[in-house]
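Below is one structure, written out as structure tokens, with a few remarks after it.
Quick note: the coordinates plus some simple rules give every number you see, no bench work behind them. Worth saying up front: this structure is predicted, and the values here are computed from it rather than measured. FYI the Cβ positions are ideal-geometry reconstructions off the backbone, even for glycines, and counts take in every protein chain you see.
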Amino acid sequence: MRPLSLALALALLAAAPARAEAPRAGAAAGGAEWLGPRPPASPRRVVSLAPSLTDTVVALGEGARLVGVTRYDDAPEVKGLPRVGGFLDPSPEAVLALRPDLVLWLTDGGAFPAVRRIAALGIPVLALPVVDVPDVLACARLVGAALGDAAAGERLARSLEAAIGRASRRAAALPRVRVLMVIGREPLVVAGPGSYPDALLSIAGGANVAEGDRPWPVYPVEKAVAANPDLVLDAAVNEPVEGIARLAAILAVRAGRVARLPNDDALRPGPRLVRALDDLFRALHPEAKGP
Amino acid sequence: MSAAAPGRASAALALGLAAVALSVALSCALGPQPISIGAALSGLEPDRSILLGLRLPRALLGAVVGCALAASGTALQALLRNPLAEPFVLGVSGGAALGGTVVLLAAAAVARLSGAAGALLASAPPVVLGAVAGATGSTALVFALGRIGGRLVPEAALLVGIVFNAFAAGVITILKVLVPPEQAARLLYWLMGALGYETAGTLAAGAVLVGASVGALVLLSGQLNLLSLGDEEAASLGVHVGRARGAVFLAASTATGAAVALSGMVGFVGLIVPHLVRRLAGPDHRLLVPASALFGAAFLVLADAAARLAFLPLGSEPPVGALTAFAGGPFFLWLLRRTERRG
């Protein structure tokens, strides 16, 4: 199981028995909110609690304002920065010690009690729910505005939008590929309908064969076999390549119609979507010429 | 009580209070982030927020939970007349977790129809109520099914508790499939037993509930002495056995339920602490219950500080429940072997 992948079953998070969230609107639907006080007009010390938000800050050209990131952050721009814990278990103590004037939080995590406490202690927190591609664009604008540079946010959002437009135009001319996207193999976890990679797949010309209403289902192998996808996308990038042989019951795997993704960009709802769409397009349409 | 008892009692209780104060102070002083207590007290940020906003509330939460678990453990050991009884081992914690989980799931279901009603149901009071109900139910089950031929057989009751724990864990795993993955991960971590960052209101409510139920156990401790002699003996000494046992059940279940709602399944505190305290304070429950409550509080605060510090180089911290189980499992087995030799 991979650190950033959804199941996150072993991930640590602060205990929060006394709360269950109602389904929440994504950032694009006005779901973003401020916790704690408002930040200064142009915050100088920013802590990012999600790698995709780190990417957004870096893509805005403001990487120098970051003072802390998560232990999963691997962008070269933040290599030397202090780590403040994980996606689900940020350490409030480490965050506070960095004296940030803005904390960026991807709400799709279990860290609510810890983040609520950080906000209650007087640190401005921008909570950004990201579930779909439009939320990524909204995030670019919101983070840009929070950093005091709304214009840069707008520019970033438009460049991402343009990349999405390019990918869907290229894919429109090609046949749709029926695909199963494997996130974890043991147990089989796939990108289900409503997940972020599902949205990327449909932009890049794929048709997800996973059914149901859960974004990250533990999927019965039999159903995967019966769905008989044209292609199996192996997104379990931290597991050895040959492990996909476990799924040899699926015809596409036996026939070698497996594409391994080079990285987990498709699982990071942020500016990496440009590269993710390219990678997905190449995997889905190996016969197509480059852009 | 012997003539020396009052002196011994006040010494043990004073020692317990000192242990609580010391452990809270230690837990406030130590953490991943070096801070200056002096700077914190003079209001310098971020030291002040780290000390008063993070470490102190967490230490207090640990104290409340530890106090509840150790006091219930002592009471359950007296009722079962067996040193191996403990809320976690007996399945009382498991029942509480199941009760709390069911309320959370119901809240998630209700939230689909009405967000406000769901949020209300998922707030602390209903979850605590569910946990207390689950704890009470499982205690009743263990003590009812632990009877063979009308007599309470401690080994049978322990087995019932262990089986019930496995059952509750299975049911919770099934229920977890029904909630969104984000909530499932949170549920899992909660169940492992972690001290987190509760709101002041939740912490205060939990403290009141634990204070009341542990207070009740202290008041009942005289009867616990007689109950631990056995039902017939207690009855012949004028104890209304059914009523007294019911009251102890309810108080111990309430304390455990509140502790589980606050911090999940932290195991073995109710086993380790009463056993050590018995060596210091002797077998008299009038002293043993309050002293266990105090030392339980100190124990869990220290265990949590250890959990926070031990894995510092990895930039992570395990839930304190993992640490207490790490220490408690072998302790349980040692105690079991020892009891066997004596028995």
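Students often check this: by mean Cβ neighbours within 10 Å, which of B:138-146, A:136-144 ranks highest, and how do the rest follow? Walk me through the numbers on the way to the answer.
Values: B:138-146: 20.4, A:136-144: 25.1.
The most tightly packed comes first, giving A:136-144, B:138-146.
Taking every pair of distinct Cα atoms and averaging 1/r, then inverting, what Kirkwood hydrodynamic radius in Å comes out for chain B?
Values: mean 1/r = 0.0488 Å⁻¹.
About 20.5 Å, per the Kirkwood formula over Cα pairs.
Which value does Rg/Rh take for the stretch B:169-269 over its C-alpha atoms, Rh per Kirkwood? Could you put the intermediate results ahead of the total?
Values: Rg = 18.0 Å, Rh = 15.9 Å.
Over the Cα atoms of the stretch B:169-269, Rg/Rh equals 1.13.
Using the basic label-point model (7 angstrom from Cα toward the beta carbon), what is the B:HIS240 to B:LEU56 distance in nanometres?
It works out to 4.4 nm between the two label points.
Once you average over the residues of B:44-52, how many Cβ atoms of partner chains fall within 10 Å of each Cβ? Don't jump to the answer; show the numbers that get you there.
Values: counts 0, 5, 10, 2, 2, 11, 7, 1, 1.
Mean shielding by partner chains, rounded to a whole number: 4.
Quick one: Cα convex hull volume of the stretch A:235-291, Å³ per residue?
Value for the stretch A:235-291: 83 Å³ per residue.
Could you estimate the translational diffusion coefficient of the stretch B:119-196 from the Stokes-Einstein equation, with Rh from the Kirkwood formula over C-alpha pairs, at 25 °C and 0.890 mPa s, in whole µm²/s?
Numbers: Rh = 14.5 Å.
Roughly 170 µm²/s, to the nearest whole number.
Would you calculate the separation in nanometres between label points at A:ALA29 and B:ALA156, each defined as 7 Å from the Cα along the Cα-to-beta-carbon direction?
About 5.6 nm, to one decimal.
With a Cα-only, solvent-free Debye model of the stretch B:220-343, what are the log10 I(q)/I(0) values at q = 0.15, 0.17, 0.19 Å⁻¹?
Result of the Debye calculation: -0.85, -1.03, -1.19.
Considering the convex hull of the alpha carbon atoms of the stretch B:98-234, report its projected area averaged over all viewing directions, in nm², one decimal.
It is 10.3 nm².
Can you name the helices of chain A, as whole DSSP H runs, whose Cα span along the helix axis is 30 Å or more and whose Kyte-Doolittle mean is not below -1.0?
Values: long enough: A:150-172 (32 Å, -0.16).
Result, helices passing both filters: A:150-172.
Looking only at the protein assembly as shown, where both bridge partners belong to it, what percent of the DSSP beta bridges are antiparallel (to the nearest 5)?
Beta bridges within the protein assembly as shown, antiparallel portion: roughly 30 percent.
Would you mind checking which residues have amide H under 5 Å from B:ARG147's amide H? H placed 1.01 Å from N; only 5 or more apart, or other chain.
Long-range HN contacts for B:ARG147: B:VAL153.
Starting from the amide H of A:LEU102, placed 1.01 Å from N in the peptide plane, find each other amide H under 5 Å away whose residue is 5 or more places distant or on another chain.
Placed amide hydrogens put A:ARG45, A:VAL47 under 5 Å from A:LEU102.
Quick check: from the Cα gyration tensor, does the stretch B:1-125 come out rounded (a/c under 1.5), prolate or oblate? Walk me through the numbers on the way to the answer.
Numbers: a/c = 3.15, a/b = 1.09, b/c = 2.87.
Oblate shape, in that a/c is at least 1.5 and b/c is the bigger or equal ratio.
May I ask for log10 I(q)/I(0) of the protein assembly as shown at q = 0.07 Å⁻¹, from a Debye sum over the Cα atoms as equal point scatterers with solvent left out?
So the normalised log intensities work out to -0.50.
Tell me, what is a quarter of the convex hull surface for the C-alpha atoms of the stretch B:54-141, in nm² with one decimal? Present the calculation step by step, with values, prior to reporting the outcome.
Values: hull surface 27.3 nm².
Mean projected area of the Cα convex hull: 6.8 nm².
Express the relative contact order of the stretch A:121-234 as a whole percentage, based on alpha carbon pairs under 8 Å and six or more residues apart in sequence. Write down the numbers at each step before the final one.
Working: 157 pairs, mean separation 27.4, N = 114.
Computed value for the stretch A:121-234: 24 percent relative contact order.
Given all pairs of different Cα atoms, what value in angstroms does the Kirkwood hydrodynamic radius of the stretch B:41-82 take?
Across the stretch B:41-82, the inverse of the average 1/r is 12.4 Å.
Please compute the modelled spin-label separation between A:VAL241 and B:LEU280, points set 7 Å along Cα→Cβ, answer in nm with one decimal.
6.1
Return the single residue from B:SER236, B:SER253, B:SER123 with maximal mean-square fluctuation; model: Gaussian network over chain B, springs between Cα atoms under 10 Å.
Of B:SER236, B:SER253, B:SER123, the Gaussian network model singles out B:SER236 as fluctuating most.
Please report, largest first and rounded to whole Å, the three semi-axes of the ellipsoid equivalent to the stretch A:138-291, where each semi-axis is the square root of five times an eigenvalue of the C-alpha gyration tensor. Mind showing how you got there, number by number?
On the way: eigenvalues 176, 58, 34 Å².
Three semi-axes, in Å: 30, 17, 13.
Stick to Cα atoms and the Kirkwood definition of Rh, then tell me Rg/Rh for the stretch A:62-129. Numbers along the way, then the final one.
Numbers: Rg = 11.2 Å, Rh = 12.1 Å.
Radius of gyration over Kirkwood radius for the stretch A:62-129 works out to 0.93.
Highest mean first, what order results for A:88-96, B:65-73 on Cβ atoms within 10 Å?
B:65-73, A:88-96
So what's the projected area for the stretch A:145-223, the Cα convex hull averaged over all directions, in nm²?
Working: hull surface 27.9 nm².
Mean shadow area of the hull around the Cα atoms is 7.0 nm².
Per residue of B:189-200, how many C-beta atoms from partner chains lie within 10 Å of its own C-beta, taken as a mean? Walk me through the numbers before you get to the answer.
Details: counts 13, 7, 2, 2, 1, 6, 2, 12, 13, 8, 6, 1.
For this peptide, the per-residue mean of nearby foreign Cβ atoms is 6.
At a threshold of 8 angstrom on Cα-Cα distance, excluding pairs fewer than six apart, so keeping six or more, what relative contact order does chain A reach in percent?
Working: 579 pairs, mean separation 51.7, N = 291.
For chain A, the relative contact order is 18 percent.
How big is the dipole moment of chain A about its Cα centre under a simple scheme where the beta carbon of each Lys and Arg is +1, that of each Asp and Glu is -1, and everything else is neutral? Debye, nearest 20, please. Intermediate values should be presented prior to the final figure.
Details: 33 positive and 30 negative charges, 60 e Å.
About 280 debye.
When a/c reaches 1.5 or more, the comparison of a/b and b/c decides; with that in mind, is the stretch A:104-200 rounded, prolate or oblate per its Cα gyration tensor? Present the calculation step by step, with values, prior to reporting the outcome.
Numbers: a/c = 4.68, a/b = 1.34, b/c = 3.50.
Oblate is the answer for the stretch A:104-200, as a/c is 1.5 or above yet b/c matches or exceeds a/b.
Which whole number gives the average, over all residues in A:84-95, of C-beta atoms from other chains lying within 10 Å of the residue C-beta? Working shown, then result.
Numbers: counts 2, 4, 2, 0, 4, 7, 0, 8, 9, 13, 5, 4.
That works out to 5 on average.
Under a no-solvent Debye model with one identical scatterer per Cα of chain A, what's log10 I(q)/I(0) at q = 0.06 Å⁻¹?
Once normalised to I(0) and log-transformed, intensities are -0.19.
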